[in-house]
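Chemist: Below you will find the structure I want to go over with you.
The values are calculated or read from the model by the stated rules, or taken from the named source; none is laboratory data. Values in this document were obtained by computation on a predicted structure and should not be read as measured data. With ideal geometry, Cβ positions are generated from the backbone for all residues, glycine too; neighbour counts draw on all protein chains shown.
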Ligand SMILES: [Ca+2]
Ligand SMILES: [Ca+2]
Ligand SMILES: [Ca+2]
Ligand SMILES: [Ca+2]
């Protein structure tokens, strides 16, 4: 059993720091001739994940997005004023690290947030912008609070990408009914499960693992050894250091998860977006990662039942930055396919599919041209029980509407077909799962906030019933819920 500790992580970072200090500073330093007008989507995800890994509070989190926007428009700048570099414009000659380190977004963010945590602790009355100033010591101390609104928007975007979970299988007990899972992702890193009884989620504070998926890691579920019970997986991300790009799996015993074991040591590093699905149809879930950058590459590592094989590129260009990637078997051939929601305005809210042939994903095919507009939350699942995965989108605003479009095997049919007209309001988190085991995926929402309830809307095959409370305390703010 491999157990990772936070201390181990910090020690390895320090060791890396000690060796790297010998690196020479660059002879020449370039001032920036221009700074991009917009943020780099990958940079904000790495800043967000790093802050989560340090368990920062909301105020400290926001301060980093204010500082990053003011200093670099959230870009990893290879230039800057005097000796300043990187997303936070840190200076190698003022003790922030070597130039190479500062140009590592994870390292730079760790430097920023470690100091911000101390500033906040010593000055509990500080606003986010004052915390940013405390760390940055800028000649223009008022600039940070002035960009609060922009910083909140970027924070929300980063969280949305980090929480991309358009499909997940969560039957950890193996009885044919999907259960609910929550990962605390704080210093305790606990994993709780509430199994479905068919009409409710049972149990409060039933811990299935007491150290898995630290803050900043991505937690998902899937049946990796093919025994009919869904297991859990954590992607460490990172960019450098011994823990970067690791993938840990903890297998379900039906009543708990075993200790995490490393199944891959280089997959979904940095800001990549990982997913889970059985792409070759052998009954074992595999891992998929979307680089989610301008290259838009998609890599797969197949499960052999006890580890994941080498990462292999299965698609050259799919779901680049700003799109919303997902995985599901949309044509019902037993092999999971890739899906991306472009999420533009109504004129550019397409759904593109890449079908699996068992060893790669085929060319992108448009299966719908108006679905999941803008900030809606799309999901993938078989809501009518015909064996082909369909698409569902939640507005999660004051309208609280839920739309579905059914797979025909070659496209998704139906535009603005409402399956429920009040489910998921702002701040809540929706998923799909077959919680009563009738073969049709139902809708589930974690209210979070003050109530921490879980509601379910069962699928009838043509709509979702009104929400019923299945749990009254599960999945708190800041936790990852599946
Ligand atoms: Ca497989
Ligand atoms: Ca398929
Ligand atoms: Ca279907
Ligand atoms: Ca169902």
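Chemist: Is it true that residue 374 is in a loop (DSSP other than H, G, I, E, B), within 16 Å of ligand 4 (Cβ to nearest atom), in contact with a strand residue (DSSP E or B) (Cβ under 9 Å, 6 or more places away or on another chain) and closer than 28 Å to residue 464 by Cβ? Working first, answer last.
Modeler: Values: in a loop (DSSP other than H, G, I, E, B): yes; within 16 Å of ligand 4 (Cβ to nearest atom): no; in contact with a strand residue (DSSP E or B) (Cβ under 9 Å, 6 or more places away or on another chain): yes; closer than 28 Å to residue 464 by Cβ: yes.
The answer is no for residue 374.
Chemist: Name the residues in the stretch 48-59 that are surrounded by fewer than 24 Cβ atoms within 10 Å (Cβ to Cβ) and within 14 Å of residue 109 (Cβ to Cβ), would you? Break it down into steps so the answer makes sense when it comes.
Modeler: First pass over the stretch 48-59, keeping only residues surrounded by fewer than 24 Cβ atoms within 10 Å (Cβ to Cβ): 52-59.
Answer for the stretch 48-59, where residues must be surrounded by fewer than 24 Cβ atoms within 10 Å (Cβ to Cβ) and within 14 Å of residue 109 (Cβ to Cβ): 52, 53, 54, 55, 56.
Chemist: Now a separate question. When only residues in the stretch 79-96 that are in contact with a strand residue (DSSP E or B) (Cβ under 7 Å, 6 or more places away or on another chain) and part of a loop (DSSP other than H, G, I, E, B) count, which is farthest from residue 53 (Cα to Cα)?
Modeler: Checked the stretch 79-96; the qualifying residue farthest from residue 53 (Cα to Cα) is 82.
Let's see how each residue does on (1) within 16 Å of ligand 2 (Cβ to nearest atom); (2) in contact with a helix residue (DSSP H, G or I) (Cβ under 7 Å, 6 or more places away or on another chain):
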{"position": "364", "(1), (2)": "yes, no"}
{"position": "370", "(1), (2)": "no, yes"}
{"position": "385", "(1), (2)": "no, no"}
{"position": "388", "(1), (2)": "yes, no"}
{"position": "394", "(1), (2)": "no, no"}
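Chemist: Separate question: Does residue 79 count as surrounded by fewer than 24 Cβ atoms within 10 Å (Cβ to Cβ) and out of contact with any helix residue (DSSP H, G or I) (no Cβ under 8 Å at 6 or more places or on another chain)? Spell out how you get there, then give the answer.
Modeler: On the way: surrounded by fewer than 24 Cβ atoms within 10 Å (Cβ to Cβ): yes; out of contact with any helix residue (DSSP H, G or I) (no Cβ under 8 Å at 6 or more places or on another chain): yes.
For residue 79, the condition - surrounded by fewer than 24 Cβ atoms within 10 Å (Cβ to Cβ) and out of contact with any helix residue (DSSP H, G or I) (no Cβ under 8 Å at 6 or more places or on another chain) - is met.
Chemist: Restricting to the stretch 99-125, name every residue that is outside any helix (DSSP H, G or I), surrounded by fewer than 19 Cβ atoms within 10 Å (Cβ to Cβ) and out of contact with any strand residue (DSSP E or B) (no Cβ under 7 Å at 6 or more places or on another chain). Break it down into steps so the answer makes sense when it comes.
Modeler: Initially, the stretch 99-125 is screened for residues outside any helix (DSSP H, G or I), giving 103-104, 123-125.
Now drop any that are not surrounded by fewer than 19 Cβ atoms within 10 Å (Cβ to Cβ), which leaves 103, 123-125.
Result: 123, 124, 125.
Chemist: Counting just the residues of the stretch 375-415 that are more than 25 Å from the chain's Cα centre (by Cα), within 9 Å of ligand 3 (Cβ to nearest atom) and in contact (Cβ under 8 Å) with a residue 60 or more places away in the chain, which one comes out farthest from residue 452 (Cα to Cα)?
Modeler: The extreme case among them is 407.
Chemist: Only one of (1) in contact with a strand residue (DSSP E or B) (Cβ under 7 Å, 6 or more places away or on another chain); (2) at pLDDT 95 or above; (3) more than 24 Å from residue 41 (Cα to Cα) is not met by residue 259, so which one is it?
Modeler: So the condition that residue 259 fails would be (2).
Chemist: Return yes when residue 348 is farther than 19 Å from residue 274 by Cβ, buried (at least 23 other Cβ atoms within 10 Å of the Cβ), away from ligand 2 (no atom under 16 Å from the Cβ) and without any contact (Cβ under 8 Å) to a residue 60 or more places away in the chain and no when it is not. Break it down stepwise before answering.
Modeler: Numbers: farther than 19 Å from residue 274 by Cβ: yes; buried (at least 23 other Cβ atoms within 10 Å of the Cβ): no; away from ligand 2 (no atom under 16 Å from the Cβ): yes; without any contact (Cβ under 8 Å) to a residue 60 or more places away in the chain: yes.
No; evaluated as a whole, the condition is false for this residue.
Chemist: Then there's this: Looking only at strands (runs of 3 or more DSSP E) that lie completely in the stretch 384-482, which have at least 2 residues being under 30 Å from residue 215 (Cβ atoms)? Full working, then the answer.
Modeler: Values: elements: 390-394, 402-407, 418-420, 429-433, 442-446, 454-457, 468-471.
Passing ranges, in order: 390-394, 429-433, 442-446, 454-457, 468-471.
Chemist: Right, residue 418: more than 16 Å from ligand 3 (Cβ to nearest atom), over 25 Å from the mean Cα position of the chain (by Cα) and either within 25 Å of residue 448 (Cα to Cα) or modelled with pLDDT of 95 or more (or both) or not? Don't jump to the end; show me each part of the working.
Modeler: Values: more than 16 Å from ligand 3 (Cβ to nearest atom): yes; over 25 Å from the mean Cα position of the chain (by Cα): yes; either within 25 Å of residue 448 (Cα to Cα) or modelled with pLDDT of 95 or more (or both): yes.
The answer is yes for residue 418.
Chemist: Kindly state which strands (runs of 3 or more DSSP E) lie completely within the stretch 246-331 and contain at least 2 residues that are within 16 Å of ligand 1 (Cβ to nearest atom) and buried (at least 23 other Cβ atoms within 10 Å of the Cβ). Reasoning before the result, please.
Modeler: Numbers: elements: 247-250, 261-264, 273-277, 286-290, 298-301, 312-315, 324-328.
In the stretch 246-331, 247-250, 273-277, 286-290, 298-301, 324-328 are the strands (runs of 3 or more DSSP E) which contain 2 or more residues that are within 16 Å of ligand 1 (Cβ to nearest atom) and buried (at least 23 other Cβ atoms within 10 Å of the Cβ).
Chemist: Any residue in the stretch 359-367 that is within 16 Å of ligand 4 (Cβ to nearest atom), modelled with pLDDT of 95 or more, surrounded by 23 or more Cβ atoms within 10 Å (Cβ to Cβ) and not in a loop (DSSP other than H, G, I, E, B)? Can you show your working first?
Modeler: First, the residues of the stretch 359-367 that are within 16 Å of ligand 4 (Cβ to nearest atom): none.
No, because not a single residue in the stretch 359-367 is within 16 Å of ligand 4 (Cβ to nearest atom), modelled with pLDDT of 95 or more, surrounded by 23 or more Cβ atoms within 10 Å (Cβ to Cβ) and not in a loop (DSSP other than H, G, I, E, B).
Chemist: Scan the stretch 214-231 for residues that are more than 16 Å from residue 301 (Cα to Cα) and either in contact with a helix residue (DSSP H, G or I) (Cβ under 9 Å, 6 or more places away or on another chain) or not in a loop (DSSP other than H, G, I, E, B) (or both) and jot them down.
Modeler: Just the residues of the stretch 214-231 that are more than 16 Å from residue 301 (Cα to Cα), to begin with: 214-219, 227-231.
214, 215, 216, 217, 218, 219, 231, listed by residue number.
Chemist: On to the next question. Can you give me the number of residues within the stretch 232-245 that are assigned to a loop (DSSP other than H, G, I, E, B), free of Cβ contacts under 8 Å to residues at least 60 places away in the same chain and crowded, with 23+ Cβ neighbours inside 10 Å?
Modeler: Within the stretch 232-245, residues that are assigned to a loop (DSSP other than H, G, I, E, B), free of Cβ contacts under 8 Å to residues at least 60 places away in the same chain and crowded, with 23+ Cβ neighbours inside 10 Å number 1.
Chemist: I'm trying to understand the selection: among the residues of the stretch 332-358, which are within 18 Å of residue 300 (Cβ to Cβ), part of a loop (DSSP other than H, G, I, E, B) and within 16 Å of ligand 3 (Cβ to nearest atom)? Let's see the steps before the verdict.
Modeler: Of all residues in the stretch 332-358, those within 18 Å of residue 300 (Cβ to Cβ) come to 333-340, 352-358.
Next cut, part of a loop (DSSP other than H, G, I, E, B) only: 333-336, 355, 357-358.
Scanning the stretch 332-358 gives 333, 334, 335, 336, 355.
Chemist: Out of 45, 23, which single residue is in contact with a helix residue (DSSP H, G or I) (Cβ under 7 Å, 6 or more places away or on another chain), surrounded by 19 or more Cβ atoms within 10 Å (Cβ to Cβ) and at pLDDT below 95? If you could, list the steps in order and put the result at the bottom.
Modeler: Values: 23 fails: surrounded by 19 or more Cβ atoms within 10 Å (Cβ to Cβ).
Every option except 45 fails the conditions.
Chemist: Okay, moving on. Looking only at the stretch 147-203, which residues are assigned to a loop (DSSP other than H, G, I, E, B), under 20 Å from residue 477 (Cβ atoms) and over 19 Å from the mean Cα position of the chain (by Cα)?
Modeler: Selection gives 188 alone.
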